[in-house]
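The values are calculated or read from the model by the stated rules, or taken from the named source; none is laboratory data. No experiment lies behind these values; they were computed from the predicted model shown. Please note: Cβ atoms are built from the backbone with ideal geometry, for glycine as well, and neighbour counts cover all protein chains shown. Just so you know, the surface numbers come from the protein's heavy atoms only, side chains and all, with ligands and any DNA or RNA stripped out. Shrake-Rupley method; radii C 1.70, N 1.55, O 1.52, S 1.80 Å.
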Amino acid sequence: MGSKANKKASKKADLNAVSNVSPQPSQEEMLALYKDMLLIRRFEEKAGQLYGMGLIGGFCHLYIGQEAVVTGIQSVQEPQDTVVTTYRDHGHMLAQGMSANGVMAELTGREGGYSRGKGGSMHMFSEEKGFFGGHGIVGASTAIGTGLAFAHKYKEDGGVAVAYMGDGSANQGQVAECYNMAALWKLPVLYVIENNQYAMGTSNARHAAGQLYARGAGYGIPGEQVDGMDVFAVQAAARQALDYVRSGDGPYILEVMTYRYRGHSMSDPAKYREKSEVDDMKSNRDPIDAIKEAMKEAYDVKDEDLKAIDKEIKAIVKESAEFAQESPELAPEELWTDVLVEVE
Amino acid sequence: MTIQVLMPALSPTMTEGNLARWVKKEGDTVESGDVIAEIETDKATMEVESVDEGVIGKILIEEGAQNVSVNTPIAVLLEDGESADDIQADSGNNAHAGNIPCAPVSDPADAPSATMSTEIAAQPAGAVVENRDILYAQGTVIEPPPFDEATFMAEGTVEQTVREALRDAMAEEMRNDDTVHILGEEVAEYNGAYKVTQGLLDEFGDKRVIDTPITEHGFAGMAVGAAFNGLKPIVEFMTMNFAMQAIDHIINSAAKTLYMAGGQLGCPIVFRGPNGAASRVGAQHSQCFASWYAHVPGLKVVSPWSAADAKGLMKAAIRDPNPVVILENEIMYGQSFDVPTDPEYVIPIGRAKIEREGSDVTIVAFSIMVGKALEAAEKLAEQGIDAEVINLRTIRPLDRYTILESVKKTNRIVCCEEGWPFAGIGAEIAALIGEHAFDYLDAPLKRVCASDVPLPYAANLEALALPQTDEIVHAAKEVCYQ
């Protein structure tokens, strides 16, 4: 794949450019993207609220600010594709079509949750929706995603595995190990580095040498940096990347430049960055504001139309919060179930 | 003085080999570095180079000779000015080794070399129990799953090495289920670093028998992902020591996911490889991981001793819908036993085997220590002590029932393992006995373990550090107050 890969391996995004994607998405497509992103935003805000009320415990990593990444990529996946990610996973599950009720009830640790309350924020799965977690060990999602891809190839089912990681994960040894194997065996895996600029509290400049999208170059894996605050740019890059991977050419790395508005987790005061930096991103680069403007401009979408969507989303989230509080806790005897698949 | 060329040890555990071919013949002149013969070990065919210069005076072991012990003189080399007549004069002299210096290898008598008897001690009948795993987790003592080993043995057996039995079990399951595949370092083209996967590439091709880079963390995690997505991987670690690189995925990704997913996503996978000490390979290549993996809910852990164990447990592991760790033993790979020929000889995980019935003391062991325990039992019998030997076969879930029933009968117990004592399997069994059979004990429990030090390289110290037959004999006599 030599020249094709090498040409792509040095593609760096101009993060200040306005996306100029052709063909322009239809009004329906834009509305769908808007709706998906808004659901994640509102869901996460509600989760933050429930956390503050003590209804959600433990670690809770919110996705607010990063919505365009998973929404853009998911919008161009095929049904047989599989997804695996890290612990910042609520958005990925919603994008994969998992129900807000099931995700929220898992956050409250109730029976109606995807893992019946046994997994929590970081550990949810849905084989039916092709979502394989939800992994709490930084870097693990890349190896598991490589394995999902191995199985796609083995079964010849035409699927691609989308393996998400953060910029922090990108430094793990197993990521390099997986790049090597995936390139060697031409596995159908799209590695997505969600670069939200901070590995917990350590900025890119302090934790990563070189460019993350270029780290596959030595293995012949094309890499590309994309503006992750622009859902159209993400969508266009993902479409191209998925085509490449699905055609049997092997893995592809998308480094998606994004930003999380909240701390690393609920307990993080985020003192390692200036408030002005956060405010600037919120005011000038917000992915949901951006698509709103784009829709108004391209299709003359009215505020009333958007308000109706907002209302619909609010209702879904409200219902999920109610469901998550009403769903019963597991019976005490469930402590002992699900350790092993019973054989006899 | 003529030089004797000795049968070389070409691997840490080699005790004998076949003289496949002489490359040089009597009268040939050789220089150091010349290939003089080809030796077939149980793992590979290797060339033997001459260390010294001279003329091959006499070939002592003919081409094609089988099972030539390491250090047996195979030829005599004449130096300048010597003739064949000098050979006679030198015979009986302790000439220096004329080839690769040989490490003292483990005494073949350390483990039963002959095929073990097919006679079977009486075993608990076992019982089908609903929610077995839950009861086990709650600490309940449950009868093991039913299994009629005697009938399998009576219906026909074949003599096999442990290595062959492991391979055949994998091949049979790969024929039955095309989602089963094996990956690891050197498993395909090299036919296995220890030749356990010999022939699998030829039969199943490179889609299902996959050489990986040396990248344990990565390929173990990758295999877990493949298991999530509908495949049944067998992950070979060249040795279990290297699996420490991968233990995060074995535990965090494979063992815990079913629970974290509320029961909806399982991980059918086998992690296997040689465990424990081999011979003179030093501290980093000689650790027993039984207690590490046995500690973890969500994993099953088996550790075969005989070839029959290997066959039946490997098949059970591959068929099991849960992650299973198989702790093999390099020294056992070459040893032969009778193995039932029935392809449905699948040993239930969680069931121990009483290898020898006895009434005076219970000796519990697993893996290579079973052979030492049986040897100890023979020695004890000569001294009037009738020992019962239990081969655990499965470490987790431990067959508590069989151990406890035995102790209730003998009132004395010795636990043997090649691992370290602290928080080891013996410590777990001690707790089991303390909790469930305290009143039955006529003497405090004894453990025979590796010394609590990293395994030394020096032959004398290594022998001291590893648990030996005589220590089992000694411990058994102590608990019998003899």
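A few comments on the model shown:
- Residue match in the range B:389-407 (condition: under 18 Å from B:LYS300 (Cα atoms), among the β-branched types (Val, Ile, Thr) and in contact with a helix residue (DSSP H, G or I) (Cβ under 7 Å, 6 or more places away or on another chain)): yes
- Tally, over the range B:6-23, of residues that are open to solvent by 50 Å² or more (accessible area, probe 1.4 Å) and either free of Cβ contacts under 8 Å to residues at least 40 places away in the same chain or part of a strand (DSSP E or B) (or both): 3
- Residue match in the range A:105-119 (condition: assigned to a helix (DSSP H, G or I), open to solvent by 40 Å² or more (accessible area, probe 1.4 Å) and either at the interface with chain B (Cβ under 8 Å from one of its Cβ atoms) or over 24 Å from A:GLU44 (Cβ atoms) (or both)): no
Each row is one residue, and each column tells you yes or no for (1) of a type in the set (Asp, Glu); (2) open to solvent by 30 Å² or more (accessible area, probe 1.4 Å).
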| position | (1), (2) |
| --- | --- |
| B:GLY312 | no, no |
| B:ASP320 | yes, no |
| B:ASP342 | yes, yes |
| B:ILE349 | no, no |
| B:PHE366 | no, no |
| B:LEU374 | no, no |
| B:GLY384 | no, yes |
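- Any pair with Cβ under 6 angstrom, 6 or more apart, that starts in the range B:254-267 at a residue that is facing chain A (nearest Cβ under 7 Å) and touching a residue at least 40 places away in the same chain (Cβ under 8 Å) and ends at one that is open to solvent by less than 20 Å² (accessible area, probe 1.4 Å) and assigned to a helix (DSSP H, G or I): B:GLY266/B:LEU258
- Some residue of the range A:276-284 being under 30 Å from B:ARG351 (Cβ atoms) and at pLDDT below 95: no
- Extreme residue, farthest from the other protein chains (Cβ to nearest Cβ), among residues of the range A:44-92 that are part of a loop (DSSP other than H, G, I, E, B), among the polar types (S, T, N, Q) and within 20 Å of A:PRO25 (Cα to Cα): A:SER75
- Matching residues in the range B:196-212 - criterion: being in contact (Cβ under 8 Å) with a residue 12 or more places away in the chain, open to solvent by 20 Å² or more (accessible area, probe 1.4 Å) and either away from chain A (no Cβ under 14 Å) or not charged (D, E, K, R) (or both): B:GLN198, B:GLY199, B:LEU201, B:GLU203, B:PHE204
- Breaking point among (1) polar (S, T, N, Q); (2) buried (at least 18 other Cβ atoms within 10 Å of the Cβ); (3) more than 25 Å from B:GLU164 (Cβ to Cβ), for B:SER32: (2)
- One residue stands out among those in the range A:201-222 that are in contact (Cβ under 8 Å) with a residue 60 or more places away in the chain and surrounded by fewer than 17 Cβ atoms within 10 Å (Cβ to Cβ): the one that is nearest to A:GLY250 (Cα to Cα), which is A:GLN211.
- In the range A:323-340, the residues that are within 13 Å of chain B (Cβ to nearest Cβ) form Cβ pairs under 7 Å with partners that are of a type in the set (Val, Ile, Thr), at six or more places apart or across chains, as follows: A:TRP336/B:ILE134; A:THR337/B:ILE134.
- Matching helices (runs of 4 or more DSSP H) fully within the range A:127-234 where at least 1 residues are in contact with a Ser or Thr (Cβ under 8 Å, 6 or more places away or on another chain) and of a type outside the set (Ser, Thr, Tyr): A:140-155, A:173-184
- Of everything in the range A:78-137 that is aliphatic (A, V, I, L, M) and touching a residue at least 60 places away in the same chain (Cβ under 8 Å), the residue that is nearest to A:LEU33 (Cα to Cα) is A:ALA100.
- Matching entry among A:PHE125, A:PHE150 (being within 8 Å of chain B (Cβ to nearest Cβ) and open to solvent by 10 Å² or more (accessible area, probe 1.4 Å)): A:PHE150
- Residues in the range B:35-45 that are over 22 Å from B:ALA84 (Cα atoms) and buried (at least 18 other Cβ atoms within 10 Å of the Cβ): B:ILE39, B:THR41, B:ASP42, B:LYS43.
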